[in-house]
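What follows is a set of notes on a single structure, which appears directly below.
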Amino acid sequence: MRILVVEDEKHVALAIKEGLEQESYAVDTEFDGTSGLSSARTGEYDLILLDVMLPKLDGFEVCKKLRSKNIQTPILMLTAKDQDGDIVNGLNFGADDYLAKPFSFDVLLARMRALLRRPQKSLGEKLQVADLILDPVSKEVKRGKAEIKLSPKEFAILEYMMRNLDRILSKNNIMTHVWDFDADILPNTIEVFITYLRAKIDKPFKNSPPLIHNVRGFGYKIGEKNE
């Protein structure tokens with residue numbers, strides 16, 4: 001899952017980024033409305049955390065411009081005060097929810113999960129491919145009755161693949177959804193992580209079919225069959 005945080009108070013933005021990365025999200029940050037609007041228009045995000053009071057372009061205008069371009073990424077607006085006017089304006093301009101500052105990180109996560117329940121595959125819903133089960137909330141992965149221990153990045157890649165069952169994902173797809181823009185990684189890094197996942201997901205289970213497949217020249221996919 002990839003999140004865009006648009007917040008002009010850098011210490012707040014970076015604290016949110018750090019907390020979300022510990023939850024296995026990829027997070028990009030912008031510190032003014034113009035930059036936030038540009039990133040939201042050009043990047044693929046699962047959720048946008050958007051502050052109301054921003055330099056250059058306020059959060060209401062950013063929200064309004066995104067919706068006018070039919071960009072329907074869920075938007076959670078962050079307001080400095082729990083004021084009815086801000087809430088009404090944000091919702092009228094197309095925001096999906098709001099959160100008044102100061103807020104706890106646990107409340108932020110709960111609001112995010114509530115918004116991400118709206119797509120077909122929710123953040124709180126267990127994902128399953130054959131006998132492989134991933135729980136996005138508890139961060140548990142099992143194949144059959146065997147528990148599989150994954151690193152945060154391995155977990156994030158597997159979750160992204162399972163949310164795109166039987167879809168071919170390029171290395172760039174995986175990089176842009178699992179790492180943030182600032183990450184200095186090479187395409188070979190994806191190959192390394194896929195090798196790690198296969199070693200944990202497929203190789204120990206000799207009596208079960210492999211689930212992670214290489215589609216030569218295109219990328220990778222997860223599914224019961226490699227067609």
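Pairs of alpha carbons in the chain separated by more than 28 Å make up 34% of all such pairs. Rounded to the nearest 10 degrees, the inclination of helix 105-116 to the longest alpha-carbon principal axis of the chain is 70 degrees. Roughly what angle does helix 187-201 make with the longest principal axis of the chain, taking Cα atoms, 0 to 90 degrees, to the nearest 10? So the inclination is approximately 60 degrees.
Computing FRET efficiency as 1/(1 + (r/R0)^6) for Val215 and Lys142, where r is the C-beta to C-beta distance and R0 is 30 Å, gives about 0.70.
Entry note, the chain: the mean residue ellipticity at 222 nm calculated from DSSP H runs of n ≥ 4, each adding -39500 (n - 2.57), is -11500 deg cm²/dmol after division by the residues and rounding to the nearest 500. Sparse packing (at most 13 other Cβ atoms within 10 Å of the Cβ) combined with a DSSP loop state is found for the following trypsin sites (Lys or Arg not before Pro) in the range 157-206: Arg167, Lys206. Once the chain from Asp166 to Lys225 is taken as fully extended at 0.36 nm per residue, the excess over their C-alpha distance is 20.4 nm. With 23 Å as the limit, write out which pairs from Lys101/Lys153; Lys65/Lys221; Lys200/Lys225; Lys153/Lys221; Lys203/Lys225 have Cα-Cα distances beyond it, or answer none. Over 23 Å apart, Cα to Cα: Lys101/Lys153; Lys65/Lys221.
Direction-averaged projected area, Cα convex hull, the range 127-222: 6.1 nm², rounded to one decimal.
At q = 0.20, 0.21 Å⁻¹, what is the log10 ratio I(q)/I(0) for the range 2-116, with the Debye formula run over Cα points and no solvent? Listed by q, the Debye log ratios stand at -1.05, -1.18. Residues in the range 27-66 near a label at Lys10, defined as backbone nitrogen under 11 Å from the 7 Å Cα→Cβ point? Of the residues in the range 27-66, 31 have backbone N under 11 Å from the label point off Lys10. On the basis of the beta-carbon distance and an R0 of 41 Å, Lys101 and Glu125 show a calculated FRET efficiency of 0.90.
Relative to the longest principal axis of the Cα atoms of the chain, the long axis of helix 152-162 makes an angle of roughly 80 degrees.
Where a number appears in this text, it was derived from the coordinates with a stated rule and is not lab data. Since this is a predicted model, take the numbers as computed values, not measurements. Because the Cβ atoms are built from the backbone with ideal geometry, glycine has one as well, and the counts that use them run over all protein chains shown.
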